[in-house]
Amino acid sequence: MGLSHSSHYSHVSHVRDVATFSEKVITYPHEEIYPRLDILDMTSNQTYAPQFDLLIQSFQALQERPYDDMRSFYQIAGIHGLPFTAYDGVEGNNPYQSLEFSKGRWGGYCHHGDVIIPTWHRAYALLLEGQLRNEAKEIANKYPSNQKDKYIEAAKQLRHPYWDWADEKAMKGVPDVFLTSTLEINTPNGKQKVKNPLKSYTLPVDLADPLPKGLNPNDANYTVPNVSYLPFTPKGYPTVRHPNNKYEDQVDIMNINMSTYIQSVFRPGFYQMFHISDYSKFSNHGLTSSGGQLPDFNPGHPKPLNRLGFSHFASWETTHDGFHVVFGGTGGHITYVDIAAFDPIFSFHHVNLDRIFALWQKIYPDSWITSNLDVNGTYTNVMDEVINEYTELTPFRKSETKFWTSNDVRDFTKLGYTYPQIEKFKDQDSKAILNYVLELYKPDSHYDTRFFVKVTLESGKVKGPFVIRVFIDLPSANSSTPTTSPNFAGFVAMWQSDAHNGTLVEGTVDITAAMERLNIRTQKHDYIHEVNLTTGLLKPAFIFNIGTDINLVPVMIDGSEVQPEAAGVKLVEVFSFEHDKVDKNFLVENTGQYYTAKKF
């Protein structure tokens, strides 16, 4: 974003990054602080062309490393989910056993549905970023003498870029840098067209287990597999997004989805989460029905009509889930938690979420992790283990014998990176950043009263990713009703949906824009002019039963429909908030009005 590369980026005091000389893979902070750039700026601004040249070649280098090399793209991607094996020998005190999967224990290292999902993924991105920079430094030294200094400087400044898929610019569709088969870049051997490592990653070995005949890419008459199965990727086949029966990406579907869901899901999600000042509610969607270690973690349960419960808007994780489900589609790798990280766009998605996390931290610097339960478990953590800010973020080493913790990664500038927006507001107070973010992600121009539908559901009732589409005033809505319908308000996404029972998930959909489209009033009723003086009832023109006219349609990734009860829906609530009259961008919780609830 045009930031100067002057000395205002401070040095970080640490041991020099020498990961390539360590027997174990150690994640070091970067030597100096430089920004992680928007990928659209990196590809359009010639100032960043050397960084982009190095980024592409570095991704290529990692993807071309032998798959059993712990610094290869395959091994780094495999940390997240499959192949459910030890990365770099890290097994923890309770190594994962394959038989535990049937009991609900997750076999990857990644955290989902608990308070350290943002910090674990922060450490994950730092590992990949460090390996990319190691490659970039070596490549820079191969340039001709008249270009070498420029590329050595670019390697020093290189940080993993992000793609802001909730920015209005994303309405134009997925950036070409993630879609084209080849890219023209300047290499040490001059301008060359190279295979684009950001479009896909070709698997060096089989990934997952073969499915029944006809559902595997190498079968004759291949058919995209049903969501009940984890797709099988044979050796030599690339990752895909929204594949057709020729195992080709369907870019038109990706672009249609972006134009549909940016306005109805992604922007409202970001907008809502910046009104949450409690880290526990901001960070994740997981709730324990028994209360566990945190009796106040979900004040709306087990008394769901407790009005304090409706202050939980969209969390970092629920909006994160929505992108995974929308972008990959049936058969697309990023759709499935087990194999998502093998799609190169995964890291651009998560660096963007880390940016959102960093902005939130600047607005609410005093809110942090409190003890929580790891309800799903990981490769090194058993289910229902107590986790906190001191929990090791395995398998990410900060030394030969120690692992990073959430406290270690809390201050991202100490890790050697920042973001352009944070640099822009570094000398201003948190309110200035908040106003900027809310203006950036405001879902529409309506600034009076906003209406929300909150859905609480139990995880594990159906297998595979799905969404609960919310329609307004359309009782006939079903899985075939297009999301381009004016009655469609948004959805609640459930990505890792096969966790063991007892885990509740909350999601909130802003239905204000849909109400505006349908001419359903959002203002308070004027009872002097709108009440029939004879009957005492509202005049018919203003009747809208917001409690009964909320229509939920759970839809699996393959398009099949599930009844709300079968999908695990427990409760639907409707409430509204008025905007603060002083600051039109800020929702004040005590102005909330609770309308109704329906149990399932």
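The values are calculated or read from the model by the stated rules, or taken from the named source; none is laboratory data. Please read these numbers as outputs of a predicted model, since none were measured by experiment. Don't worry about glycine lacking a Cβ; one is built from the backbone with ideal geometry, like all the others, and counts go over all protein chains shown.
Quick notes on this one:
- Here Phe348 qualifies as of a type in the set (Phe, Trp, Tyr) and within 15 Å of the chain's Cα centre (by Cα).
- Failed item in (1) modelled with pLDDT under 95; (2) surrounded by fewer than 24 Cβ atoms within 10 Å (Cβ to Cβ), with Gly331 passing the rest: (2)
- Exactly one residue out of Lys199, Lys213, Lys193 is at negative phi and not in a loop (DSSP other than H, G, I, E, B), and it is Lys193.
- Residue within region 99-118 that is of a type in the set (Ser, Thr, Tyr), in contact with a Phe, Trp or Tyr (Cβ under 8 Å, 6 or more places away or on another chain), crowded, with 21+ Cβ neighbours inside 10 Å and assigned by TED's automatic domain parsing to the domain that holds Pro197 present: yes
This table checks each residue for (1) assigned to a loop (DSSP other than H, G, I, E, B); (2) farther than 30 Å from Asn372 by Cα; (3) modelled with pLDDT under 95.
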| position | (1), (2), (3) |
| --- | --- |
| Phe101 | no, no, yes |
| Arg105 | yes, no, yes |
| Arg122 | no, no, no |
| Leu126 | no, no, no |
| Gln131 | no, yes, no |
| Glu138 | no, yes, no |
| Lys142 | yes, yes, no |
| Gln147 | no, yes, no |
| Met171 | no, yes, yes |
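- With respect to the conditions (1) touching a strand residue (DSSP E or B) at 6+ places or on another chain (Cβ under 9 Å); (2) among the aliphatic types (A, V, I, L, M); (3) in a loop (DSSP other than H, G, I, E, B), Val177 lacks only one, and its number is (3).
- Any hit, region 393-414, residues being in contact with a helix residue (DSSP H, G or I) (Cβ under 6 Å, 6 or more places away or on another chain) and of a type in the set (S, T, N, Q): yes
- Pair list, Cβ under 7 Å, 6 or more apart: region 408-427 residue over 14 Å from Phe357 (Cα atoms), other residue aliphatic (A, V, I, L, M) and in a helix (DSSP H, G or I): Leu415/Leu126; Leu415/Val409; Phe425/Ala432; Phe425/Ile433
- Region 229-288, residues that are assigned to a loop (DSSP other than H, G, I, E, B) and of a type in the set (A, V, I, L, M, F, W, C): Leu230, Phe232, Val240, Phe274, Ile276
- Each residue in region 339-386 was checked for being over 22 Å from Pro420 (Cβ atoms) and of a type in the set (D, E, K, R), and 5 of them qualify.
- Region 219-228, subset touching a Lys or Arg at 6+ places or on another chain (Cβ under 9 Å) and surrounded by 14 or more Cβ atoms within 10 Å (Cβ to Cβ), residue farthest from Val325 (Cα to Cα): Asp219
- Val453, sole failed condition from (1) in a strand (DSSP E or B); (2) at pLDDT below 85: (2)
- Reported count of residues in region 442-486, each being touching a helix residue (DSSP H, G or I) at 6+ places or on another chain (Cβ under 7 Å), among the hydrophobic types (A, V, I, L, M, F, W, C) and under 20 Å from Ala567 (Cβ atoms), is 6.
- Selected residue [touching a Ser or Thr at 6+ places or on another chain (Cβ under 7 Å) and not in a loop (DSSP other than H, G, I, E, B)] from Phe59, Phe52: Phe52
- Whichever residue in region 390-423 is of a type in the set (Ser, Thr, Tyr) and outside any strand (DSSP E or B) and, among such residues, is surrounded by the fewest Cβ atoms within 10 Å (Cβ to Cβ): Thr401
- Meets criteria (part of a loop (DSSP other than H, G, I, E, B), touching a Phe, Trp or Tyr at 6+ places or on another chain (Cβ under 8 Å), surrounded by fewer than 22 Cβ atoms within 10 Å (Cβ to Cβ) and modelled with pLDDT under 65) for Thr522: yes
- The condition of being closer than 11 Å to Gly331 by Cβ, polar (S, T, N, Q) and either surrounded by 17 or more Cβ atoms within 10 Å (Cβ to Cβ) or within 23 Å of the chain's Cα centre (by Cα) (or both) holds for Thr233.
- Of all residues in region 253-275, those satisfying the criterion of being in contact with a Lys or Arg (Cβ under 8 Å, 6 or more places away or on another chain) and farther than 10 Å from Gly173 by Cβ are Arg267, Tyr271.
This table checks each residue for (1) in contact with a Cys (Cβ under 7 Å, 6 or more places away or on another chain); (2) farther than 26 Å from Leu54 by Cα; (3) not in a helix (DSSP H, G or I).
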site	(1), (2), (3)
Asp69	no, no, yes
Tyr74	no, no, no
Tyr96	no, yes, yes
Asp114	no, yes, yes
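- In region 424-461, residue surrounded by the fewest Cβ atoms within 10 Å (Cβ to Cβ) [restricted to those that are under 22 Å from Ala170 (Cβ atoms) and either touching a Lys or Arg at 6+ places or on another chain (Cβ under 6 Å) or among the charged types (D, E, K, R) (or both)]: Glu439
- Hey, Val505 modelled with pLDDT of 90 or more and either touching a Gly at 6+ places or on another chain (Cβ under 9 Å) or of a type in the set (D, E, K, R) (or both) or not: no
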